[in-house]
Amino acid sequence: MTPIYDRVALIGLGLIASSMAHAMKAQGLAREIAGHAKSAESRAAALEIGFCDTVHDSAAAAVAGADLVVLAVPVCAMGPIAAEIGPHLAPGATVTDVGSVKQAVIEAVAPHMPPGVAFIPGHPIAGTEHSGPRSGFATLFRNRWWLLTPAAGTDPAAVARFRRLCEAMGAHVDEMDAAHHDLVLAVTSHTPHLIAYTMVGVADDLRRVTDSEVIKYSAAGFRDFTRIAASDPVMWRDVFLTNKEATLEILGRFTEELFALQRAIRLGDGQHLQDYFTRTRAIRRGIVEAGQDTDAPDFGRVKLDAG
Ligand code: NAP
């Protein structure tokens, strides 16, 4: 395939950035990939694995001459990096980010974008509980959504070109308003993660049980929670610091429903419980039918085509 971008700069070299690099390299979507991460270890790993052609000590150096810059760092790190790279961006460049929250990233990044640079905020709805430069794989985005939240008036040619890249990496692309994105993700991702963190924390507090039997007899429900709760602590800290309003709204509704279920259990109201679980089962079927998950016990998260 002819490259879609000439020089791509990846700022942050973790799961998402390294997966993008593997996917771009597998198909020749970028002529050259430059990278920067905070630590020398991650920069060295990117060169050793070979998903970056060059690595740089600073984000400013990495973006020089890049026609696509990808901010792939935790959400709260995006603003300071945007301030650093702003003066070094090439005229006509596109800057995107992959942050899990959109309004806060836009507020932090957009003011630093010089005229003539297209800022296209984005979020690939794809991930695993692993992090760092060794966790990426080329097929991570295959058949997953990549949501874009560009401001009205963003250069349509720049958006179309970036869409082509996402699609070439296997993703389906949708555009939506940033506030809507944050509410939808609070329901589908952020609050479920918080619940998983809580459940694993509760089990851990019950040390007496944990030490002996929780791990040994771990059934699917708890195992799923532990996988989710193993996700990167810094990334998730930043998600809750920046998507505060939407997650608090959804948590409020969650608590109300939980109390209703608690009451049904106390009163022995089997009908309430059965009706509720019947409704939720239909939602699960809808997700599998939409191709967004599989019924396989490993969640289909094995690396089918790593590299
Ligand atoms: P990750 O694997 O933990 O990698 C984060 C990378 O950012 C690391 O290379 C880290 O450098 C670098 N970094 C952190 N602070 C930095 C700074 N101040 N300057 C330069 N580099 C810095 O994270 P990830 O999973 O790829 O997530 C990256 C972004 O994607 C986050 O905003 C997250 O919300 C979003 N996202 C994640 C998922 C997911 O499931 N993981 C899914 C969709 C979107 P070191 O390696 O040197 O520490």
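What the table below lists for this structure:
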item: Selected residue [within 16 Å of the ligand (Cβ to nearest atom), part of a loop (DSSP other than H, G, I, E, B) and not aromatic (Phe, Trp, Tyr)] from Gly122, Gly136; result: Gly136
item: Single residue of Glu213, Glu249, Glu289 found to be exposed (fewer than 13 other Cβ atoms within 10 Å of the Cβ) and either more than 27 Å from Gly170 (Cα to Cα) or at pLDDT 95 or above (or both); result: Glu213
item: Residues (open to solvent by 100 Å² or more (accessible area, probe 1.4 Å) and over 30 Å from Ala178 (Cβ atoms)) located in the stretch 252-267; result: Phe259, Arg263, Ile265, Arg266, Leu267
item: Residue within the stretch 95-115 that is more than 15 Å from the ligand (Cβ to nearest atom) and under 18 Å from Tyr5 (Cα atoms) present; result: no
item: The lone exception for Ile228 - which of (1) at pLDDT below 95; (2) closer than 23 Å to Ala104 by Cα it fails; result: (2)
item: Residue list for the stretch 216-241, filter: surrounded by 14 or more Cβ atoms within 10 Å (Cβ to Cβ) and hydroxyl-bearing (Ser, Thr, Tyr); result: Ser218, Thr226, Ser231
item: Positions within the stretch 125-169 being crowded, with 17+ Cβ neighbours inside 10 Å, closer than 22 Å to Thr2 by Cβ and free of Cβ contacts under 8 Å to residues at least 40 places away in the same chain, in sequence order; result: Trp146, Arg163
item: Of the criteria (1) open to solvent by 60 Å² or more (accessible area, probe 1.4 Å); (2) in contact with a Phe, Trp or Tyr (Cβ under 9 Å, 6 or more places away or on another chain); (3) in a helix (DSSP H, G or I); (4) modelled with pLDDT of 95 or more, which one Tyr197 fails; result: (4)
item: Conditions (1) within 13 Å of the ligand (Cβ to nearest atom); (2) without any contact (Cβ under 8 Å) to a residue 40 or more places away in the chain; number of the one not met by Ile49; result: (2)
item: Residue pairs meeting the criteria (Cβ under 9 Å; at least 6 apart or on separate chains; first without any contact (Cβ under 8 Å) to a residue 24 or more places away in the chain, in the stretch 237-266; second assigned to a helix (DSSP H, G or I) and open to solvent by 100 Å² or more (accessible area, probe 1.4 Å)); result: Ala264/Gln271
item: Criterion: under 29 Å from Tyr5 (Cα atoms) and open to solvent by less than 30 Å² (accessible area, probe 1.4 Å) - qualifying residue of His181, His172; result: His181
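The values are calculated or read from the model by the stated rules, or taken from the named source; none is laboratory data. From a predicted model like this one, the values you see are computed outputs, not experimental measurements. Every residue, glycine among them, receives a Cβ derived from its backbone with ideal geometry; neighbour counts consider all protein chains shown. Only protein heavy atoms, including side chains, enter the accessible area calculation; ligands, DNA and RNA are left aside. Shrake-Rupley method; radii C 1.70, N 1.55, O 1.52, S 1.80 Å.
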